[in-house]
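Novice: This structure is in structure tokens; I'll ask about it shortly.
The values are calculated or read from the model by the stated rules, or taken from the named source; none is laboratory data. Here the structure is a predicted model, which is why all the values come from computation and not from measurement. Every residue, glycine among them, receives a Cβ derived from its backbone with ideal geometry; neighbour counts consider all protein chains shown.
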């Protein structure tokens, strides 16, 4: 199952989050890694396959969408995104390891649309 963030304009730079609180129970987030795949929205043709956005400093760009920064609290993972190509749909995979050593991931889709 994948979730969906609101559409993003290619000129916007915004934070997007995954809240892990219900999954974690009393555990906390130890580490977070983000992956991205892009798809042509109209044809659903996959363009990338698991290319990694891991740089918190803002250097990582995949298919014109940029991981400007990423942060996390004990229960929420946040990625700040800039750019993107009109009419592309990106699937972001948020993978965590928690304080008990358990691993989990969630996929969230975001479409690039002119506002």
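Novice: Six or more apart or on different chains, Cβ atoms under 8 Å: show the pairs whose first residue is in segment 84-96 and without any contact (Cβ under 8 Å) to a residue 12 or more places away in the chain and whose second is surrounded by fewer than 18 Cβ atoms within 10 Å (Cβ to Cβ) and assigned to a strand (DSSP E or B).
Specialist: Note: no pairs meet the criteria.
Novice: Okay, next question. On the given criteria, is residue 108 closer than 24 Å to residue 23 by Cα and either surrounded by 20 or more Cβ atoms within 10 Å (Cβ to Cβ) or touching a residue at least 40 places away in the same chain (Cβ under 8 Å) (or both)? Walk me through how you get there before you give the answer.
Specialist: On the way: closer than 24 Å to residue 23 by Cα: yes; either surrounded by 20 or more Cβ atoms within 10 Å (Cβ to Cβ) or touching a residue at least 40 places away in the same chain (Cβ under 8 Å) (or both): yes.
For residue 108, the condition - closer than 24 Å to residue 23 by Cα and either surrounded by 20 or more Cβ atoms within 10 Å (Cβ to Cβ) or touching a residue at least 40 places away in the same chain (Cβ under 8 Å) (or both) - is met.
Novice: Got a number for residues in segment 71-88 being within 21 Å of residue 12 (Cα to Cα) and either within 12 Å of the chain's Cα centre (by Cα) or not in a strand (DSSP E or B) (or both)?
Specialist: Result for segment 71-88: 11.
Novice: Another question about this same structure. Taking the condition of being in contact with a strand residue (DSSP E or B) (Cβ under 6 Å, 6 or more places away or on another chain) and either under 12 Å from residue 75 (Cβ atoms) or at pLDDT below 60 (or both), how many residues in segment 31-45 meet it? Step through it out loud before you land on a result.
Specialist: As a first pass, look at segment 31-45 and keep what is in contact with a strand residue (DSSP E or B) (Cβ under 6 Å, 6 or more places away or on another chain): 31-39, 41.
Within this subset, residues satisfying the condition of being either under 12 Å from residue 75 (Cβ atoms) or at pLDDT below 60 (or both) are 32, 41.
Total satisfying the criteria: 2.
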